[in-house]
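Below is one structure, written out as structure tokens; comments come after it.
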Amino acid sequence: MPQDPSFAVAPPVPVTLPVAGEEAVFPIGRIFCIGRNYAAHAAEMGHDSSREPPFFFMKPNTAICPPGTDFTYPRHSSDVHHEVELVAAIGKGGSHIPVADALAHVWGYGVGLDMTLRDIQATAKSMGRPWETAKAVDGSAPVGAIHPVAETGHPVKGRIALAVNGNLKQEGDLEQMIWSIPEMIAHISQSFTLRPGDLIMTGTPSGVGPVLMGDLLEGTVEGVGSVSVKVR
């Protein structure tokens, strides 16, 4: 197909995720990720587990690793960790969104993995530098199908878990999140105008750990769905 002459270069191909049970797909914009949102995970990473002010980092949509594709182990890292998370998919944009109105902006939910290059992150932390090279690399956000709110409701509790090769590694409950989804939306929207297609990764329970070539990672959130990806 010839290039549209109204563009100086070919525009990027849209990044999408499947919608559970539908032919329609969910277009992906930005991915906002909250750090240390489960007390036990904060503690295992050597941080204060109290309700500190929330902080976020971002992944581009090129980090999406959709269902049916493998996670490619980055060649410049030797210590990649799994972090299973509930993912909120934004369907209605807005800025300065009140907590009381925040859930009206959520289209649906899914399950994702924040694949983290822990060795690269440790170096960045020690030098006071950003985390992008540890968190935002291509394919670092495997996410399963998005399930509409009409199917899932707005989950506030339920088991979240991850198994590696059938062995349970992470387990917690959504009610253990320090900052709720409405609070996250309200906080993010103070600095960024949320747009339809944005995702929010809501934090991971304790038990994060390294993955190896050939591992099969299977994450689940009760009442929401699952994500499954192989490391190659």
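The values are calculated or read from the model by the stated rules, or taken from the named source; none is laboratory data. As the structure is a computational prediction, the values presented were derived from the model and not from experiment. Here the Cβ is made from the backbone with ideal geometry for all residues, glycine too, and neighbour counts use every protein chain on show. Heads up: the accessible areas ignore ligands, DNA and RNA and are worked out on the full protein's heavy atoms, side chains in. Shrake-Rupley method; radii C 1.70, N 1.55, O 1.52, S 1.80 Å.
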Of everything in the range 56-103 that's among the small types (G, A, S) and within 18 Å of the chain's Cα centre (by Cα), which residue is farthest from S228 (Cα to Cα)? G91
For the range 147-172, which residues satisfy the criterion of being among the acidic types (D, E) and closer than 25 Å to P18 by Cα? E151
Residue count, the range 30-53, condition at pLDDT 95 or above and either farther than 29 Å from A150 by Cα or open to solvent by 30 Å² or more (accessible area, probe 1.4 Å) (or both), comes to 1
Residues of the range 62-117 classified as open to solvent by 10 Å² or more (accessible area, probe 1.4 Å), in a loop (DSSP other than H, G, I, E, B) and either under 26 Å from P12 (Cβ atoms) or among the basic types (K, R) (or both), total: 15
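When you check G110 against the structure, is it under 28 Å from P98 (Cα atoms) and in contact (Cβ under 8 Å) with a residue 60 or more places away in the chain, yes or no?
Working: under 28 Å from P98 (Cα atoms): yes; in contact (Cβ under 8 Å) with a residue 60 or more places away in the chain: yes.
Judged against the criteria, G110 is a match.
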